[in-house]
Amino acid sequence: MGENGFWAKLYKGLTKTRESLADKLSSLFGGAGELDDDFFEELEMILISADIGAVTTERIIEALRDEIKKEKMKTADEAREALVRIITEMMSTSEPYEPKKPTVILIVGVNGVGKTTVIGKLGNLYKSEGLSVMFAAGDTFRAAAVEQLGIWAERVGAPCVKHQEGSDSAAVIFDAVRSAKAKKTDVLICDTAGRLHNKHNLMEELRKINSVIEKEYPEADRQVWLALDATTGQNAVAQAKAFAAVSGINGIVLNKMDGTAKGGIVISICNEMEIPVRYIGVGEGIDDIRPFDATEFCRAMIKTA
Amino acid sequence: MAFEGLSQKLQNIFKKLTGRGKLSENDIKEAMREVRIALLEADVNYTIVKDFIKKVTERAIGAEILQSLTPGQQVIKIVNEELTALMGSTQSKLTVSPKPPTIILLCGLQGAGKTTMAAKLAGYLQKQGKKPLLVGCDIYRPAAIDQLKVLASQLQVPVFERGTADPVETAYLSVDYAIHKLADTVIVDTAGRLHIDEQMMQEIVAIRDKIKPTEILLTIDAMTGQDAVNVAKAFNDSIGIDGVIVTKLDGDTRGGAALSVKAVTGKPIKFAGTGEKLSDIEPFHPDRMASRILGMGDVLTLIEKAQSEFDEKSAAELEKKLQSNRFDLNDFLDQFKQIRKMGGIGSIMGMMGVDKSKMTSEEDAEKQMKRTEAIIQSMTMKERHNPQILDGSRRKRIAAGSGTTVTDVNRLINQFEQSKKMMKMFRNKKKGFKMPF
Ligand SMILES: Nc1nc2c(ncn2[C@@H]2O[C@H](COP(=O)(O)OP(=O)(O)OP(=O)(O)O)[C@@H](O)[C@H]2O)c(=O)[nH]1
Ligand SMILES: [Mg+2]
């Protein structure tokens with residue numbers, strides 16, 4: 001049928017685009033390249049392909065055009081540096097996080113974005129910095145979630161407070177806070193069940209969990225971090241807004257940056273909501289975590305594989 | 001968000017247009033800018049959007065505006081139709097192996113929802129009277145096999161696993177185990193893997209080669225962004241997928257990734273995951289996806305209504321034809337197509353004079369319908385207008401042309417005569433009655 005012909009053509013088109021993208025980029029930012037319409041069209045493609053979003057991309061390109069005019073830039077090289085500056089500035093709220101003593105970190109996010117894994121990595125990181133760490137198995141919903149965090153706790157060598165599957169998540173967190181206080185643990189990291197942000201009841205549950213921590217542990221530095229999957233597209237903005245509404249997130253961890261996705265959606269989130277990106281996850285291993293660096297992030301984004 | 005406003009924006013653009021008639025190039029250009037942003041914000045891949053806009057623009061310029069629609073609605077209608085065409089309009093079923101067991105291999109990125117989906121599929125097939133076996137091959141993620149076992153026990157479906165032993169061997173052994181246990185469907189859950197992880201991709205190729213799956217299904221998160229094309233292409237290139245499952249569609253994402261994946265692989269999306277409960281699995285409806293991506297369900301309903309008014313008009317026309325005895329095979333085919341569009345298989349079966357109890361499945365009905373269409377399409381216009389001229393040699397030619405037999409052709413002509421009679425009967429019985437099907 002005609003449909004198949006279209007697919008075949010499109011498929012070929014995509015392959016070609018992907019192959020030529022790398023070439024074009026090296027020439028796009030390759031030094032003396034001209035700053036013409038082609039340049040801006042290619043740039044648009046790169047930014048949109050990085051999940052920055054059509055609207056934010058437009059804004060960035062506009063800012064770059066202004067800058068080019070103002071500074072009378074001539075070469076792609078100069079433009080690249082300007083671009084990095086513009087995007088880095090948009091993410092200026094992002095800064096590395098230094099845990100205080102005591103700190104409690106609540107990790108929230110939709111299903112499968114890497115919450116439990118990043119808890120393992122964070123625990124290991126802080127422990128290696130000489131802090132004492134405890135986990136709370138707040139995902140009492142998903143099958144074998146408690147076991148999963150338990151295995152990470154063993155790897156890290158940290159205690160893990162857990163109840164049975166199906167029990168009340170807020171109650172686990174409550175117990176964990178008590179226990180962390182009693183043991184004078186430096187950093188308590190709490191897992192939560194993955195939940196889609198449009199499920200009202202589940203989001204209300206999160207509100208409750210958050211207020212338990214607020215009430216029970218006012219002296220701790222309270223961090224609520226939204227875990228995002230770098231492969232996620234524009235929906236991440238809706239996620240951030242919904243989670244912020246019930247639990248006041250003050251940080252983002254951007255997981256799965258080891259794939260081909262660029263995670264550009266955090267630019268909008270960071271910029272509009274002023275929520276700093278704290279870490280990026282770069283694999284499934286215990287050490288696969290890095291503090292977020294906006295400039296580096298930006299450079300990686302415009303350098304395609 | 002920028003998105004909610006698309007229909008509003010389009011309406012505004014076209015408000016300036018007071019006249020009816022045809023869509024002008026300038027109106028379309030402005031409208032397409034909005035459509036483009038909408039599609040991009042819905043995560044449809046950049047390149048696909050580009051091609052799509054080009055195609056729609058070409059079609060829309062100079063298009064006649066339907067009487068019952070505003071120009072804005074007309075554009076939306078065209079956009080929606082093209083999007084639906086891209087998504088594919090028919091639902092795709094799981095392939096069943098003629099020689100049991102049917103083997104389903106799930107693959108995908110980390111966190112896409114494979115394990116949950118494996119269990120959901122098992123539950124779904126169980127309800128259809130199948131005997132599934134779940135196989136746990138994710139030896140990497142902590143407690144992944146525990147998760148599968150917990151879910152399986154909720155369904156009382158058996159699990160085959162060998163802890164953290166070689167997953168290739170586990171998959172291989174599971175097939176014999178299934179045969180031994182008289183399971184007719186094997187569902188293999190695999191570890192999430194990055195499409196650029198060579199070693200892990202080799203592992204899944206090895207699993208494929210060992211078990212020769214009936215279906216390899218790529219599981220993809222509905223919230224995936226622009227990268228969906230890279231993922232889908234890489235999985236398809238290295239192991240050759242047969243279909244796709246989109247998960248987490250119960251979220252509020254537009255789900256443009258579904259379109260991207262369909263575009264880049266050409267493979268159908270077979271199922272959708274719509275919740276955390278094991279019963280939250282649905283056969284995928286590509287046509288609904290198109291309107292979801294556009295985010296304009298309400299406008300589309302309006303357009304549909306206008307369209308159906310339009311259809312009513314044609315129904316009235318048909319009535320007139322019947323009265324003057326001009327109802328011919330062309331009309332018969334039209335009616336057929338219309339019902340097909342509405343998916344009213346049951347009524348079609350009735351129309352074709354098929355005894356429902358003798359019909360084994362919807363697939364049979366589908367085949368029947370295709371045959372009917374083929375036969376009529378093999379007739380000349382003259383023959384369609386005057387079926388009475390269809391003598392033996394003409395029938396023979398039509399049978400050959402449509403790949404059917406003369407008996408099939410005869411049957412169809414009988415059906416045509418019968419429904420003509422039936423319609424007349426209905427009309428006489430009940431005034432105001434529109435169509436019997
Ligand atoms: N490649 C890669 N995989 C990751 C990364 N972080 C997590 N994963 C994998 O993603 C999958 C899901 O991770 P989890 O930590 O279970 O995610 P979660 O958010 O806790 O999931 P739920 O609790 O089910 O909502 C696992 O297979 C992890 O190994 C990362 O940075 N890179
Ligand atoms: Mg988890």
Rule-of-thumb Rg ratio for the range A:196-305 [Cα; 2.2 N^0.38 Å; N residues]: 1.13
Crossing angle, helix A:235-247 versus chain A [Cα axis fit, 0-90 degrees, rounded to tens]: 30
Of A:K69, A:K162, A:K181, the one that fluctuates the most in a GNM where chain A has Cα springs shorter than 10 Å: A:K69
Entries of B:K130/B:K248; A:K208/A:K241; A:K184/B:K149; B:K93/B:K370; B:K149/B:K212 with Cα pairs more than 27 Å apart: A:K184/B:K149
Shielding by partners - mean other protein chain Cβ count within 10 Å, residues of B:211-221: 1
Karplus 3J(HN,Hα) series, Hz, for the range B:109-124 with 6.51 cos²θ - 1.76 cosθ + 1.60 (x for Gly, Pro): 5, 5, x, 6, x, 5, 4, 4, 5, 4, 5, 4, 4, 4, x, 4
Highest average packing first - B:212-224, A:244-256, Cβ atoms within 10 Å: B:212-224, A:244-256
Sequence-distant residues sharing a close amide H with B:L133 (under 5 Å, placed H): B:T185, B:V186, B:I187
For B:R193, distant residues with modelled amide H under 5 Å away: B:G108, B:L109, B:Q110
Helix-only mean residue ellipticity at 222 nm for chain A, each DSSP H run of n ≥ 4 adding -39500 (n - 2.57), per residue, nearest 500: -17000 deg cm²/dmol
In the A-B interface, the accessible area buried, summed over both sides, Å² (probe 1.4 Å): 4400
Under 5 Å, built H, 5+ apart or other chain: amide partners of B:D221: B:T247
13 Å beta-carbon shell around B:K114, net charge (K/R +1, D/E -1): +1
Chain A: most fluctuating residue of A:G138, A:G112, A:G123 per GNM, C-alpha cutoff 10 Å: A:G112
Angle between chain A longest axis and helix A:145-156 axis [Cα atoms, degrees, rounded to 10]: 90
Max mean-square fluctuation residue, GNM over chain A, Cα-Cα springs under 10 Å, options A:F174, A:F39, A:F292: A:F39
For the range A:241-305, convex hull volume per residue from C-alpha positions, Å³: 97
Between the range B:204-264 and the range B:87-116, the Cα center-to-center distance that results, in Å: 10
Calculated Rg and Dmax of chain A using C-alpha coordinates, Å: 21.7, 70
Taking the convex hull of Cα positions in the range B:102-296, its mean projected area over all directions (nm²): 10.0
Exercise: per-residue mean of other protein chain Cβ atoms within 10 Å, B:143-149: 5
Between helix A:76-90 and chain A: long-axis angle, C-alpha atoms, 0 to 90°, nearest 10: 30
Convex hull volume of the range A:39-184 per residue (C-alpha atoms, cubic angstrom): 159
Rounded Å value of the spacing that divides the Cα centres of the range B:172-203 and the range A:172-251: 36
Relative packing of B:122-131, B:266-275, B:106-115, which averages over residues the other C-beta atoms within 10 Å, highest first: B:106-115, B:266-275, B:122-131
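The values are calculated or read from the model by the stated rules, or taken from the named source; none is laboratory data. These numbers come from a predicted model, not from an experiment. Methodologically, a virtual Cβ is constructed for each residue, glycine included, from the backbone with ideal geometry; neighbour enumeration extends over all protein chains shown. The protein model used for the area step is the full one, side chains on, heavy atoms only, and it has no ligands, DNA or RNA in it. Shrake-Rupley method; radii C 1.70, N 1.55, O 1.52, S 1.80 Å.
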